[in-house]
Amino acid sequence: MSSRLRVGEIGEVTRAGPCWRLVHEHCDHVQEFASQGLEDPGRLVRFVRHNFRDCLACHLHAAALRKTSSPPAADNAQQVADR
């Protein structure tokens, strides 16, 4: 099997020693995961599509932004009580 594989609209997976390295095409963030059990290209593609369709770093960043942009729960309760 080639040490480089393109997974459509997700990114490119390359062999990095004992791991696979996925570079997401839309953001260039990198995720690495163990290669054990993922020697078959079809299985590797299914694994990446199932587990890494969305970039974890982007997802966590967006969640952090949502958390900091919403008012604290105590303020929400006070606003509701004031109505």
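With an 8 Å Cα cut-off and a minimum separation of 6 or more residues, compute the relative contact order for region 4-69 in percent.
Details: 65 pairs, mean separation 14.9, N = 66.
Normalised by residue count, the contact order of region 4-69 is 23 percent.
Could you give the Stokes-Einstein D for region 4-69 in µm² per second, using the C-alpha Kirkwood radius, 4 °C, 1.567 mPa s?
On the way: Rh = 12.5 Å.
Once the numbers are plugged in, D ends up at 104 µm²/s.
Would you mind getting me the FRET efficiency between Ser69 and Asp28? Use the beta-carbon distance for r and R0 = 35 Å, nearest 0.05.
On the way: r = 25 Å, r/R0 = 0.71.
E(calc), rounded to 0.05, equals 0.90.
Which chymotrypsin sites (Phe, Trp or Tyr not before Pro) does region 19-53 hold that lie in a coil by DSSP with at most 13 other beta carbons within 10 Å?
Details: sites: Trp20, Phe33, Phe47, Phe52; in loops: Phe52.
For chymotrypsin sites (Phe, Trp or Tyr not before Pro) across region 19-53 that sit outside H, G, I, E and B with at most 13 neighbouring Cβ atoms in 10 Å, the list is empty.
For a Förster distance of 22 Å, can you work out the FRET efficiency between the beta-carbons of Asn51 and Arg4, rounded to the nearest 0.05?
Numbers: r = 19 Å, r/R0 = 0.87.
With R0 = 22 Å, the Cβ-Cβ based efficiency is 0.70.
Name the residues of region 22-60 whose amide N is less than 13 Å from a point 7 angstrom out from the Cα of Arg15 along the C-beta direction?
35-41
Any read-out appearing in this document is the output of simple, stated calculations on the displayed coordinates, not a laboratory observation. Keep in mind that this is a model prediction, so the values were computed, not measured. Quick reminder, even Gly has a Cβ in these numbers, built from the backbone with ideal geometry, and neighbours come from all protein chains shown.
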